[in-house]
Amino acid sequence: MPTPAYALVATDLDGTLLRRDGTVSPRTRAALALAARAGARHLVVTGRPVPGIRGLLDGLGYRGPAVCGQGTQLYDAGSGRLVRALTLDREAADTALGKIEAQVGPVFAAVDQDGTEGRTLIEPGYAMPHPALPAQRTRHRHELWSTPVVKVLIRHPELTDDALTEAARDAVGDLATVTHSGPGTVELQPYGIDKGTGLALAAEYLGVAADSAIAFGDMPNDLPMFRTAGYGVAMANAHPQLRAAADEVTSSNEGDGVAEVLERVFG
């Protein structure tokens, strides 16, 4: 592989930087420090909203910007403020759900609210893919729209994630961007917004070129990030679509795949 001086190390979290227990291995921490000493900035690019990662960032000693909520939020961990946030029009989101259900039958929905203190609300029947992440259950769907939201999460009782993603894209058109970000996690966010636009915004904020990034991911929602970055690395545990699009496939998140590449590139 080419070995340019990457200015950014852009990493997804779940299934990529994090192990199954939600921790970052000592080897990976050391590899990120190695990259930092070489002049590269670590940039977290995650589907999780800000409230779902603040504790993790604190534990990493992370003080820079982070792309959250599938690109809807740019969060400055050092100051604890949102630099930019884009919300999903709630009327359009409700219409999009109706169109999806007209095509595939009833789905279960949840939302991530806007803001650094936003909550994840789940309607009856929705099961959180990550039970450890906090969520508040509502009694009726209309309660999901009580405050501005950055994205909607949907699950289907029978369809696979890939099938639901394809059907949702066909149904919603330009009402929203549809992403598949993890097992049991299909999401709707503002149209045209994704991890690629988030990476580009963060790079501009840092004063570097987006294509100076080496990016790591594991799910189809990382495809736009790979297209924006200069080099894309898929984990061994990654979705087939991402592995096919990657410049390189490394070891799994359990096998320190991120560290394996960073040690070679920056060592």
> Which residues, counting only those in the range 193-213, are more than 15 Å from the chain's Cα centre (by Cα), open to solvent by 30 Å² or more (accessible area, probe 1.4 Å) and among the hydrophobic types (A, V, I, L, M, F, W, C)?
Replying inline: L206, V208, A209
> Among the residues of the range 92-125, which ones are of a type in the set (D, E) and within 23 Å of T165 (Cβ to Cβ)?
Replying inline: D94, E101, D112, E123
> When you go through (1) among the hydroxyl-bearing types (S, T, Y); (2) touching a Gly at 6+ places or on another chain (Cβ under 7 Å); (3) modelled with pLDDT under 95 one by one for T185, which number turns out not to apply?
Replying inline: (2)
>> Could you check the range 81-134 and list, in sequence order, the residues that are crowded, with 19+ Cβ neighbours inside 10 Å and in a strand (DSSP E or B)?
In response: A85, L88, A109, A110, V111, D112, Q113, T120, L121, I122
> Restricting attention to the range 142-159, does a residue exist that is under 23 Å from V67 (Cα atoms) and either part of a helix (DSSP H, G or I) or open to solvent by 30 Å² or more (accessible area, probe 1.4 Å) (or both)?
Replying inline: yes
>> Among (1) over 20 Å from P65 (Cβ atoms); (2) assigned to a loop (DSSP other than H, G, I, E, B); (3) out of contact with any helix residue (DSSP H, G or I) (no Cβ under 7 Å at 6 or more places or on another chain), there is one condition V208 misses while meeting the rest; what is its number?
In response: (1)
> If a residue has to be assigned to a helix (DSSP H, G or I) and either free of Cβ contacts under 8 Å to residues at least 12 places away in the same chain or buried (at least 23 other Cβ atoms within 10 Å of the Cβ) (or both) to count, how many in the range 16-27 make the cut?
Replying inline: 3
> Restricting the search to the range 236-267, which residues are in contact with a His (Cβ under 9 Å, 6 or more places away or on another chain) and either in a helix (DSSP H, G or I) or at pLDDT below 95 (or both)?
Replying inline: Q241
> For the range 218-235, what are the residues that are assigned to a loop (DSSP other than H, G, I, E, B) and surrounded by fewer than 23 Cβ atoms within 10 Å (Cβ to Cβ)?
Replying inline: G230
>> Out of L86, L56, L74, I need the residue that is touching a Cys at 6+ places or on another chain (Cβ under 9 Å), within 23 Å of T120 (Cα to Cα) and of a type outside the set (F, W, Y). Which one?
In response: L74
> Considering only residues of the range 159-180 that are among the acidic types (D, E) and free of Cβ contacts under 8 Å to residues at least 24 places away in the same chain, which is nearest to H239 (Cα to Cα)?
Replying inline: D162
> Just checking, how many residues over the range 1-34 are within 17 Å of P65 (Cα to Cα) and in contact with a Lys or Arg (Cβ under 9 Å, 6 or more places away or on another chain)?
Replying inline: 6
> open to solvent by 10 Å² or more (accessible area, probe 1.4 Å) and more than 17 Å from the chain's Cα centre (by Cα) - does that describe any residue in the range 47-59?
Replying inline: yes
> Of the residues R139, R63, which single one is over 19 Å from L201 (Cβ atoms), open to solvent by 40 Å² or more (accessible area, probe 1.4 Å) and assigned to a loop (DSSP other than H, G, I, E, B)?
Replying inline: R139
> Is it fair to say P190 is buried (at least 21 other Cβ atoms within 10 Å of the Cβ) and over 30 Å from L32 (Cα atoms)?
Replying inline: yes
> Which of the following residues is within 18 Å of the chain's Cα centre (by Cα) and surrounded by fewer than 23 Cβ atoms within 10 Å (Cβ to Cβ): D162, D174?
Replying inline: D162
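The values are calculated or read from the model by the stated rules, or taken from the named source; none is laboratory data. In this text, all values refer to a predicted model and were calculated from it rather than measured experimentally. Every residue, glycine among them, receives a Cβ derived from its backbone with ideal geometry; neighbour counts consider all protein chains shown. Quick note on the areas: whole protein, heavy atoms, side chains included, nothing else; ligands and nucleic acids left out. Shrake-Rupley method; radii C 1.70, N 1.55, O 1.52, S 1.80 Å.
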